[in-house]
Amino acid sequence: MKRSGAQIIVQFLEQRGVRCIAGMPGGANLPLYDALAQSSIRHVLVGHEQAAGFIAQGMARVSGRAQVCFATSGPGATNLVTALADARLDSVPLVAITGQVPSALLGSDAFQEVDTVSICRPIVKHASMVRSAAELRPALEHAFELAESGRPGPVLIDVPKDVQQAIVEHAGDSPPLAADAPAAPIDPQDLRRAAALLEAAERPLLYIGGGVIHAGAHAELAALAQRQQLPVVSSLMGLGAFDPDDPLWVGMLGMHAAPYTNLLLREADLLLALGVRFDDRATGKLSEFCPKARVVHVDIDARELGKLRRPELGVRCDARRFLAAFLPLTAARRRDAWLARLAELRLRHPLPEAAAAAAILRHIGTRLQPSTVITTDVGQHQMWVAQHLPIRGPRRLLTSGGLGSMGFGLPAAIGAALESAGKVLCVSGDGSLLLNIHELATLAELQLDVTILLFDNQSLGLVRQQQTLFYEKRLCASAYERPTDFVAVARAFGLAADNWGPGEPLGELDRLLQRAGPGLIRVPLNAAEMVFPMVPPGAANHEMLIELPVAPSAGHISG
């Protein structure tokens, strides 16, 4: 059977189980869209290719499977760059398929020609150009295998227009892909060493990250924590992997952690780190992070072992396989003194009095169904969510952690709703929403059950906060002098939209949140409100600010 290169791509995606693709057509990928028009795959037309990448991320973060986005050559491909870099840092499986000018024009500075592969190679797991239609299926198989295996991440395939148009003899449906090769067994000596280190520890902590969620290790994590009475701290990306209502839950660590969390870390004598990168936002000044603790570091990516914090023991393995093999080597143990110390610190050094936004999020947390997916943008609201909105289950919080991409929240919410078919709450700020506000049109067209909770302080809140705290209140380019009427804008795009003030009845907020379909709730905030605690850049975690300082040394906690 003869098929075009574009038809081979679309047929492969159908066989792979891809149900929805976000993207935007252009001259260099029109053959691909012509084949897609004859397919059962749903397509979501975006207002900007960056959003296509974030929509695909939303689907991938909820499902755990590689998802697909399309873009044309030139500006279409370059508009994807932020979403690809974001996926790489947060280990999100993604396959981006971009059109390219015809092969005969490569290197001629043709209309909308850029070297997409060279641009993207440093920020993806793999990038390649397919030079013939016969190479398409092997390239696609390799792309999905790379995206989903090991530490997940984005893969880019660039396809010249003539390769999409080329007609080749195609054998039809190919046999199923071969199963992944079995992972290398864990060295039993490593397991015994880890067990001995844990047995000898008096003040151990579990430090978990996104790798626990990627591995699906939440059940094994809970079993180990309960058996050994281990307090659990998490990076931003690990939220949802452990029950926030469990007494062993200590919370998110790092720059905006509760004071008791960072102080407890300072006393730990063993850190069992699972699927974490020891990112600077989590560790603060690295030389003073957990200074008394030995470290057992487990990660699927060997490059992370010892990259920042040298471990006593480094194990290359995904978190679920490690825990499944490690659990039988552990016995039940009580750690009354250590848990009593946690309770004492929690009582003496709680989260400070919350801002209005935080109080609203705490209220919402008591009303949300556990299955609700929450997306955020980046800024103060993101940290208030991490501090005050309980995440009850893995793959329920979608947020841009490593890259910190403003504009992530709305398109990611669209992707999450497409994949989960349930309620999605997008918590955003006015600055972040403006970056991809055109996707309100996409949301309205799709009529998805996404509610945007917009905290509007007419500023770039976290930028303003840092300028106030660390730049002697020199506020520059952090305020929107002319306010945007977001309710009017959302209604113009076709959403239900309302204002709600913190002084109004909470019952009215509940009603607006329960409204089905696409909607926006604008909550005005005072721009002077800040998210505390906050570890100053370059400081150790125990040197956190817990309130607006009135003198150079005021408002610090130092343990």
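Laboratory data are not the source of any read-out in this text; all were calculated from the coordinates shown. The model shown is predicted, which means the values in this text are computed figures rather than measured ones. Using ideal geometry, Cβ is built from the backbone for each residue, glycine included, and neighbour counts are taken over all protein chains shown.
Observations on the model:
- From phi via Karplus (6.51, -1.76, 1.60), per-residue ³J(HN,Hα) for the range 41-50 in Hz, x at Gly/Pro: 6, 7, 10, 10, 7, 9, x, 7, 5, 4
- If you plug the beta carbon distance of Gln112 and Asp336 into 1/(1 + (r/R0)^6) with R0 = 51 Å, you get a FRET efficiency near 0.15.
- Among beta bridges that DSSP assigns inside the chain, antiparallel share in %, nearest 5: 10 percent
- Calculated from backbone phi, Karplus (6.51, -1.76, 1.60) coupling profile of the range 250-261 in Hz, x at Gly/Pro: 9, x, 6, 9, x, 4, 10, 6, 4, x, 5, 5
- At most 10 other Cβ within 10 Å, DSSP loop - trypsin sites (Lys or Arg not before Pro), the range 322-379: Arg334
- Net charge of neighbours whose Cβ lies under 15 Å from the Cβ of Arg266, counting Lys and Arg as +1 and Asp and Glu as -1: +2
- Helix 336-348 and the longest principal axis of the C-alpha atoms of the chain enclose an angle of approximately 90°.
- Stretchable slack from Glu472 to Ala359, in nm (0.36 nm times residue separation minus alpha-carbon distance): 37.8 nm
- Relative contact order (percent, whole number), the range 356-531, Cα cutoff 8 Å, 6+ residue spacing: 22 percent
- The tail of the calculated P(r) for the range 356-531, taken as Cα-Cα distances beyond 25 Å, holds 26 percent of the pairs.
- The H on the amide N of Ala127, modeled in the peptide plane, is under 5 Å from the matching H of Leu156, each at least 5 residues off or on a different chain.
- Where only DSSP H runs of four or more residues are counted, the chain gives -10500 deg cm²/dmol as its mean residue ellipticity at 222 nm, each run worth -39500 (n - 2.57).
- In order along the range 266-278, the Karplus-derived 3J(HN,Hα) couplings, from 6.51 cos²θ - 1.76 cosθ + 1.60 at θ = phi - 60°, round to 5, 9, 5, 10, 8, 10, 9, 9, 10, x, 10, 10, 6 Hz, and Gly and Pro are given as x.
- Counted by Cβ distance under 15 Å from Gly284, the other residues give a net charge of +1, where Lys and Arg count +1 and Asp and Glu count -1.
- Given R0 = 35 Å, the distance between the Cβ atoms of Arg367 and Leu446 translates into a calculated FRET efficiency of 0.90.
- Residue list for the range 358-394, given a label point 7 angstrom along the Cα-to-Cβ vector of Tyr480 and an amide N cut-off under 20 Å: 358, 375-385
- Sorted by Cβ neighbour density within 10 Å, fewest at the top, the residues Ile437, Ile213, Ile157, Ile167: Ile167, Ile437, Ile157, Ile213
- Taking 15 Å as the cut-off, the amide N atoms of the range 16-33 that come nearer than this to a point 7 Å along the Cα-to-beta-carbon line of Leu105 belong to 26-32.
- Of all lysines in the structure, those lying under 22 Å Cα to Cα from Lys2, and not within fewer than 8 positions of it along the same chain, are Lys161.
- Here the gap between Cys20 and Ala219, fully extended at 0.36 nm per residue and compared with their Cα-Cα distance, gives a gain of 68.6 nm.
- Antiparallel DSSP beta bridges within the range 419-559, as percent of all bridges there, nearest 5: 15 percent
- Arg341 sits among other residues whose Cβ lies under 9 Å from its own Cβ, and their net charge, with Lys and Arg +1 and Asp and Glu -1, is -1.
- Ascending count of other beta-carbon atoms within 10 Å, so fewest first, for Tyr33, Tyr260, Tyr471: Tyr471, Tyr33, Tyr260
- Distant-in-sequence amide contacts of Ile452, defined by a placed amide H-H separation under 5 Å and a gap of 5 or more residues or a different chain, comprise Cys426, Gly519, Leu520, Ile521.
- Cβ crowding within 10 Å, taken as a proxy for footprinting-reagent exposure, orders Trp338, Trp384, Trp249 from fewest neighbours to most as Trp249, Trp338, Trp384.
- Net dipole in debye of the chain [+1 Lys, Arg Cβ; -1 Asp, Glu Cβ; about Cα centre; nearest 20]: 1060 debye
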